[in-house]
Amino acid sequence: MKQSKKYRIEHIKSATKESQPYFFDGNTLRMFCQTLSSFKVFEHEGRTFIAAKGHLGGKKAVGMPGHTFGPIHGLTVREFTGDDLVDVEGFDHAGKTTGDFVAWVEAGNLQPVAAV
């Protein structure tokens, strides 16, 4: 798995604006303590992925009264399909790093592309 030379995160943001209008929204990124430059773009066997470390709630607990949790740390991972972002089946995001995701893919755990 290698860094993408084909796509930049700005291209992916623009291409997914209609299908994922809130994914790269400033408020959403702030909620997860991310910026657009937090995202790395990878390619593997003709497929494109984005990954960024995220922290819900920063260093404080978050939630609503009676439902407080956190802070939550994990990795945001999605596959870019050309005009949409889809979840990566089978990868546990909690507490993981970009290196964990790369190792997981290179170990052959990636599910085949679903037939349409």
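The values are calculated or read from the model by the stated rules, or taken from the named source; none is laboratory data. As the structure is a computational prediction, the values presented were derived from the model and not from experiment. Every residue, glycine as well, gets a Cβ built from its backbone with ideal geometry; the counts of neighbours run over all protein chains shown.
Computed values, structure above
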item	result
Residue count, segment 1-33 (criterion: assigned to a helix (DSSP H, G or I) and within 13 Å of the chain's Cα centre (by Cα))	5
Extreme residue, modelled with the highest pLDDT, among residues of segment 60-116 that are loosely packed, with under 10 Cβ neighbours inside 10 Å and among the hydrophobic types (A, V, I, L, M, F, W, C)	107
Total residues in segment 9-52, condition more than 17 Å from residue 86 (Cα to Cα) and among the basic types (Lys, Arg)	1
Where a residue in segment 87-116 is of a type in the set (Phe, Trp, Tyr) and its partner, wherever it lies, is in a helix (DSSP H, G or I), with Cβ under 6 Å and at least six apart	91/104
Long-range neighbours under 6 Å by Cβ, at least six apart or interchain, first residue under 16 Å from residue 3 (Cα atoms) within segment 31-48, second part of a loop (DSSP other than H, G, I, E, B) and not hydroxyl-bearing (Ser, Thr, Tyr)	42/1; 44/1
